[in-house]
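Everything on this sheet refers to the single structure shown next.
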């Protein structure tokens, strides 16, 4: 599994991509990634296109991120979910708290 | 060297025959024009000595017919005639003769003339031979081009085609296009578009499109991000292309809602984002160097993310448009291109191209020209994979992990890898992972490592818990966990039973739902929603999760 992040050159989008397994083992990498959002108040995109597995601790990490970032970012979107991952997010009512596509 | 002697006088014929044979030439004899034509058909003739006044067919009538038969290969015809008036001699040359000599003729002059014309004949033969070789090679090249063209067409056949989503105009400078436009849908919905421009044009530029397209399609199928795509394509081209060749490219992904695009742009002219009414919304600059230039460790995968609205258009094009030159030597230029979208008018591809053609006037196209419009849309939704039929066989699988194995392996993932091999179960692996990892982590964290999950509260609590867990795990010397999976084809159920060697817990104390809004309670409530049933048994150190796989 691996986690990468980047801020687009215009400072308007901050993307975090998690590959493979989004679980407790990436807690450190995940938290330190969003410490780099910067001052430009970007939109955060959590790109799950290559996330095959996630567990409830991943849900916890997403909520912690939301709490921690607050209004230092414009929005948080969970993007490119595979069908099964989307199902898990919907069952967890995450579509009420995040923009999901 | 064979000479045809045409004369009705036997004396002349014999005289010429001896003279020519003496000089080492083969001689063929004809007594009039008709015979001469016949002889020409039956022998390979290199030169003709032709009398003018003869019965049946005279020399003036014969010469043009012989020339016609000789076709494009030079056949020297020397008239030997007793006529010496200006008009007759002039006519000799007009009907196709190359030279003339008066009778009685001078031997020395005749052989000198024959040698001179023989040299020209030899040159003509050589030229004809070269021409044949040239034609042969030309045919060979045409054949090769047809084959390559066929391969190209097939290689690019996988392109997603829907003019409403991606409309384009491609005009190669020569037979093969050094520009490339690749389009593929994303399995999670949305679309990828790659527009590339290889150095130069023609076949050498086009050849790179083959590996590029193959890799692009396979990455699109996996739904990779444009940054990862760019990195992979860069590595491939770096390895394949010579140092002075590379590929400027824009790689774009539009998401399934049509509300956002991400772009990796290297070495391409500015990309335009145009509103539905055709006016310019934003100009996006190239951020990187072209593909195939930088080593993997120098390569940057940073992408631009843009918000779009359905109906917005992204204009992708290669420098062939803005570098089009008119008769006055002026370039179409980025400024003209930009003002095309600033003016309040129809900005369709057709209009753009007709404006460009009008600008160029009589001047020839000097590069490959490509332009593509991607219209943002939400109509490209995730593809529904055909579901595999479920296995009809009942399976029982089981693994026993010792303390050492709990420390160093990932039993959940390995168990799932095996379970996913059962026909029909692979589509459900993400949900199965969630179910199994929840109960496994409970067993490991609380049963074996004896951690208290109330430590998890808050962001810092999460991290503290993580470190405590790491410490406890590395200090672990005793304990084991058994994972059993049972697949029941009747009712399509998968049943996981996890048993740990811990002390169990007081079920009554945790069965209330007050913990649901806290991070650590989320797992259990999610489990309850996804599973058909969850059952603790023994002293609480064995849990059985039943999941119904929906067809």
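The values are calculated or read from the model by the stated rules, or taken from the named source; none is laboratory data. This structure is a prediction, so every number in the text was calculated from the model and none was measured. Methodologically, a virtual Cβ is constructed for each residue, glycine included, from the backbone with ideal geometry; neighbour enumeration extends over all protein chains shown.
The set of residues from region A:13-34 being within 18 Å of residue A:98 (Cβ to Cβ), at the interface with chain B (Cβ under 8 Å from one of its Cβ atoms) and not in a strand (DSSP E or B) comprises just one member, A:31.
Out of all the residues in region A:41-49, is one or more more than 7 Å from chain B (Cβ to nearest Cβ), within 13 Å of the chain's Cα centre (by Cα) and surrounded by fewer than 21 Cβ atoms within 10 Å (Cβ to Cβ)? Yes, that holds for at least one residue.
Scanning region A:50-78 for residues that are in contact with a helix residue (DSSP H, G or I) (Cβ under 9 Å, 6 or more places away or on another chain), within 10 Å of chain B (Cβ to nearest Cβ) and in a strand (DSSP E or B) yields A:51, A:52, A:53, A:54. Considering each residue of region B:441-453 in turn, none proves to be in contact with a strand residue (DSSP E or B) (Cβ under 8 Å, 6 or more places away or on another chain) and assigned to a strand (DSSP E or B). You will find that of A:25, A:64, A:80, the residue that is farther than 25 Å from residue B:261 by Cα and buried (at least 21 other Cβ atoms within 10 Å of the Cβ) is A:64 and no other.
So that you can scan it fast, the table gives a plain yes or no per residue for (1) free of Cβ contacts under 8 Å to residues at least 24 places away in the same chain; (2) loosely packed, with under 14 Cβ neighbours inside 10 Å:
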position: B:30; (1), (2): no, no
position: B:41; (1), (2): no, yes
position: B:51; (1), (2): no, no
position: B:69; (1), (2): no, yes
position: B:85; (1), (2): yes, yes
position: B:90; (1), (2): yes, yes
position: B:94; (1), (2): yes, yes
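Against the list (1) away from chain A (no Cβ under 14 Å); (2) surrounded by fewer than 23 Cβ atoms within 10 Å (Cβ to Cβ); (3) more than 17 Å from residue B:317 (Cβ to Cβ), the condition residue B:206 fails is (2). Mind checking which residues of region B:97-109 are crowded, with 19+ Cβ neighbours inside 10 Å and either in a helix (DSSP H, G or I) or in contact with a helix residue (DSSP H, G or I) (Cβ under 6 Å, 6 or more places away or on another chain) (or both)? Those that are crowded, with 19+ Cβ neighbours inside 10 Å and either in a helix (DSSP H, G or I) or in contact with a helix residue (DSSP H, G or I) (Cβ under 6 Å, 6 or more places away or on another chain) (or both): B:97, B:100. Filtering region B:420-451 to residues that are in contact with a helix residue (DSSP H, G or I) (Cβ under 9 Å, 6 or more places away or on another chain), crowded, with 18+ Cβ neighbours inside 10 Å and away from chain A (no Cβ under 13 Å) leaves B:446, B:448.
In region B:507-551, the qualifying residues are those that are under 51 Å from the mean Cα position of the chain (by Cα), loosely packed, with under 12 Cβ neighbours inside 10 Å and modelled with pLDDT under 85, and the one that is farthest from residue B:441 (Cα to Cα) is B:551. Do we find that residue B:22 is farther than 27 Å from residue B:125 by Cα, out of contact with any strand residue (DSSP E or B) (no Cβ under 9 Å at 6 or more places or on another chain) and exposed (fewer than 14 other Cβ atoms within 10 Å of the Cβ) in this structure? It is false that residue B:22 is farther than 27 Å from residue B:125 by Cα, out of contact with any strand residue (DSSP E or B) (no Cβ under 9 Å at 6 or more places or on another chain) and exposed (fewer than 14 other Cβ atoms within 10 Å of the Cβ). Apart from one condition, residue B:472 fits all of (1) under 53 Å from the mean Cα position of the chain (by Cα); (2) modelled with pLDDT of 90 or more; (3) surrounded by 14 or more Cβ atoms within 10 Å (Cβ to Cβ); the exception is (1). Mind checking whether some residue in region A:79-88 is more than 9 Å from chain B (Cβ to nearest Cβ) and either closer than 16 Å to residue A:3 by Cβ or touching a helix residue (DSSP H, G or I) at 6+ places or on another chain (Cβ under 7 Å) (or both)? No, every residue in region A:79-88 fails to be more than 9 Å from chain B (Cβ to nearest Cβ) and either closer than 16 Å to residue A:3 by Cβ or touching a helix residue (DSSP H, G or I) at 6+ places or on another chain (Cβ under 7 Å) (or both). So for region B:6-15 (the condition being under 20 Å from residue B:73 (Cβ atoms) and in contact with a helix residue (DSSP H, G or I) (Cβ under 7 Å, 6 or more places away or on another chain)), does at least one residue qualify? Checking region B:6-15: at least one residue is under 20 Å from residue B:73 (Cβ atoms) and in contact with a helix residue (DSSP H, G or I) (Cβ under 7 Å, 6 or more places away or on another chain). When region B:250-280 is filtered for residues that are closer than 16 Å to residue B:336 by Cα, in contact with a helix residue (DSSP H, G or I) (Cβ under 9 Å, 6 or more places away or on another chain) and surrounded by 18 or more Cβ atoms within 10 Å (Cβ to Cβ), the ones remaining, listed by number, are B:269, B:272, B:274. The combined condition, being in contact with a helix residue (DSSP H, G or I) (Cβ under 7 Å, 6 or more places away or on another chain) and at the interface with chain B (Cβ under 9 Å from one of its Cβ atoms), is not fulfilled by residue A:37. Specify which of the listed residues (B:329, B:311) is surrounded by fewer than 19 Cβ atoms within 10 Å (Cβ to Cβ), over 29 Å from the mean Cα position of the chain (by Cα) and assigned to a loop (DSSP other than H, G, I, E, B). Step by step, each of B:329, B:311 is checked, and only B:329 is surrounded by fewer than 19 Cβ atoms within 10 Å (Cβ to Cβ), over 29 Å from the mean Cα position of the chain (by Cα) and assigned to a loop (DSSP other than H, G, I, E, B). Checked against (1) farther than 16 Å from residue B:265 by Cβ; (2) touching a residue at least 40 places away in the same chain (Cβ under 8 Å), residue B:239 passes all but a single condition, namely (2).
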